Amino acid sequence: MRRFVSITVSLLLLALLLVSAVGCSSTENNASKSPAEDQIKIGIVQIVEHPSLNTIRESFVSQLAEKGYRDGENVFIDYQNAQNDQTNLKTICQKFSNNGYDMIVAIATPSAQAAVGETKEIPIVFSACTDPVGSGLVDSLEKPGGNVTGTSDAISAEQIMELALRITPDIKTIGALYNSGETNSISVINDLKEFAAKNGLTVIEATVTNSSEVQQATASLADKADAIFSPIDNTVASAMPVVSQVANQAKIPVYVGADSMVKDGGLATCGINYVELGQETANIAVQILEGQKPGDIPVKTMRDMEIYLNKTTAEAIGITIPEDILNEAAQIFE
Ligand code: TRP
């Protein structure tokens, strides 16, 4: 009997040891991923991986640190990327909301729409949303109301087209390439159509729903158009090398909405500085962390547009960019 008891006790002890060992190792695995009580918890949700969105995120995090909110110290940043998948976006935002994070930072329009659909309480700071009103994120730019505000990378299709006509004056038919599900692209495409109508140009469209369709869509436009125009579209941006390969072969210029799309092979844009936009997003986040209501902070738009050019692309399609435009450019990618 005594022996039986001692075996039972030993077994129990062993079981306890095992349970506590497993318990230990599981907290250890999560240690780097779970916030401490006194840390400010910020969830960053990014729709997809492309250079521009990465620039925004990195610039946001470093400006936040500059203002005294340092990741891993007084702040816990949980960064999640949705790989351009709507279901992932929803799951990520739900998790942020269920975990009771102090703030959600949503990079690009689809992320912001998912975040807004998930919580009416947690402050949401969106970043680089081209058309925040048209995308249903806020009621007005001046007074957003509710728990949402942020930064916009609104651009002017007219300015880009004026630049396009200075570089390639003979273009008559413009091929519009974009994801029809991205509300950030729609408003720019509408402006493009308005500009075309006023200036005797024709717009033809090729829309995609994901990046695997981009090659085919570009090829169809390259057949019919004198130039391709893509707005600040996340789907096209993540397949930009393919776009430029197809367009270069057909020797037609690609005018785009963002500097990173020029860096990735587009010919030119007149666009905003995304490092600054990331910093402005962080400045808004700090205002909220220090007590202001998101709904009272106007959406920040960037006024200064700069010219970005790609010299390698110009050479590949046999175009000489006029000297005065080269001199005006903020950056020339080789
Ligand atoms: N403006 C885009 C949106 O509203 C996001 C974005 C920022 C973007 N920088 C970009 C898209 C560069 C394409 C290329 O969703």
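In table form, for the structure just shown:
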item: Output for the stretch 173-193, where each listed residue is assigned to a helix (DSSP H, G or I), in contact (Cβ under 8 Å) with a residue 24 or more places away in the chain and either in the same structural domain as SER135 (by TED's automatic domain parsing) or not hydrophobic (A, V, I, L, M, F, W, C) (or both); result: THR183, ASN184, SER185, SER187, ASP191
item: Single residue of the stretch 145-160 satisfying the filter (in contact with a Pro (Cβ under 8 Å, 6 or more places away or on another chain) and under 15 Å from VAL105 (Cβ atoms)) that is farthest from the ligand (Cβ to nearest atom); result: ASN147
item: Check on ILE325, touching a residue at least 60 places away in the same chain (Cβ under 8 Å), within 16 Å of the ligand (Cβ to nearest atom) and hydrophobic (A, V, I, L, M, F, W, C); result: no
item: Qualifying position, being within 14 Å of the ligand (Cβ to nearest atom), outside the structural domain of ILE44 (by TED's automatic domain parsing), more than 30 Å from SER140 (Cα to Cα) and outside any loop (DSSP other than H, G, I, E, B), among VAL242, VAL214, VAL236, VAL246; result: VAL214
item: Neighbours by Cβ (under 8 Å, 6+ apart or cross-chain): first from the stretch 129-157, without any contact (Cβ under 8 Å) to a residue 40 or more places away in the chain; second among the polar types (S, T, N, Q) and away from the ligand (no atom under 14 Å from the Cβ); result: VAL133/SER140
item: Of residues in the stretch 284-334 being outside any loop (DSSP other than H, G, I, E, B) and among the small types (Gly, Ala, Ser), the one farthest from the chain's Cα centre (by Cα); result: ALA316
item: Any hit, the stretch 130-138, residues being farther than 27 Å from SER238 by Cα, touching a Pro at 6+ places or on another chain (Cβ under 6 Å) and of a type outside the set (Gly, Ala, Ser); result: no
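Yes or no, residue by residue, for (1) surrounded by fewer than 15 Cβ atoms within 10 Å (Cβ to Cβ); (2) more than 16 Å from the ligand (Cβ to nearest atom):
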site	(1), (2)
ILE44	no, no
PRO51	no, no
SER62	no, yes
ARG70	yes, yes
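Let's see how each residue does on (1) outside the structural domain of GLU182 (by TED's automatic domain parsing); (2) closer than 29 Å to ASP38 by Cβ; (3) out of contact with any strand residue (DSSP E or B) (no Cβ under 7 Å at 6 or more places or on another chain); (4) within 15 Å of the ligand (Cβ to nearest atom):
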| residue | (1), (2), (3), (4) |
| --- | --- |
| ASN81 | yes, yes, no, yes |
| ASN84 | yes, no, yes, yes |
| GLY100 | yes, yes, yes, no |
| PRO110 | yes, no, yes, yes |
| GLY117 | yes, no, yes, no |
| LYS120 | yes, yes, yes, no |
| VAL125 | yes, yes, no, yes |
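The values are calculated or read from the model by the stated rules, or taken from the named source; none is laboratory data. All values reported here derive from a predicted model rather than from experimental measurement. Here Cβ is always computed from backbone atoms with ideal geometry, including for glycine, and neighbour counts include all displayed protein chains.
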